[in-house]
Amino acid sequence: MMASSGFIKNGLNIMKWSFEKMQKVTLGKTGIVVPKNGFGALPIQRVSKEEAIKLLRKAFDNGMNYFDTARFYTDSEEKLGAAFHGMRDRIII
């Protein structure tokens, strides 16, 4: 569920989420359970690496562990790697 208030940072509209209350789903027959809403990494290509790392870590620290990216998202894969270095076993990409 999305909280009613949001904030603006670096031109991106970033909504505060209530991750603890977010519905979860199982990915097919894998047994991997993730939040029903993942973090789409397309917008992080528009911010600096440092800002992207802060944003990604804040999402993770608040319960998000499911991140969507693609080669087409320019440098988002690199930014995800920098944000979660040494933590690969704790996130789903």
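Throughout, read-outs are computed from the coordinates displayed, never taken from laboratory work. This one's a predicted model, so the numbers in the text were calculated from it and none came from an experiment. Because the Cβ atoms are built from the backbone with ideal geometry, glycine has one as well, and the counts that use them run over all protein chains shown.
Some observations on this one:
- Matching residues in segment 41-93 - criterion: being in a strand (DSSP E or B) and in contact (Cβ under 8 Å) with a residue 40 or more places away in the chain: ILE92
- For segment 58-93, the tally of residues that are closer than 20 Å to MET22 by Cβ, of a type in the set (Lys, Arg) and surrounded by 15 or more Cβ atoms within 10 Å (Cβ to Cβ) stands at 0.
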